[in-house]
1. List the residues, sorted by chain then number, that are 5 or more residues from PHE16 or on another chain and whose placed amide H is less than 5 Å from its amide H.
2. Please list, in order along the range 11-24, the HN-Hα scalar couplings obtained from phi with the Karplus expression 6.51 cos²θ - 1.76 cosθ + 1.60 (θ = phi - 60°), rounded to whole Hz, x for Gly and Pro.
3. Within the range 1-15, whose backbone N sits under 20 Å from a point 7 Å along Cα→Cβ of ALA26?
Amino acid sequence: EGDMYRDFLENVKKSFLSVKAHNPKASRSTSSEIYVVAKGFIGRQPPAFI
C-alpha cells in the first residue's frame with residue numbers, strides 16, 4: 001500500500017458515505033490484491049486547490 005493507494009482511498013471517501021478496504025487471503029504471498037467497497041454515493045467533490 002503506497003502513497004497512490006492512500007490518495008485513492010481518501011478521494012473515494014470524499015464521494016461515499018462508507019468506504020472499507022479489505023486484503024483477502026491470497027494464494028501467493030507476494031499478491032497485493034485489495035478490494036475497496038464504497039456505499040452511499042454522495043456525489044463527486046471538486047479537487048482541492050492549494
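1. ILE42
2. 5, 5, 4, 6, 10, 9, 6, 9, 9, 10, 10, 9, 9, x
3. Hits in the range 1-15 for ALA26 at 20 Å: 1-9.
Each value in this text was obtained by applying a stated rule to the coordinates, not by laboratory testing. This structure is a prediction, so every number in the text was calculated from the model and none was measured. Neighbour counts run over all protein chains shown; Cβ positions are idealised from the backbone, glycine included.
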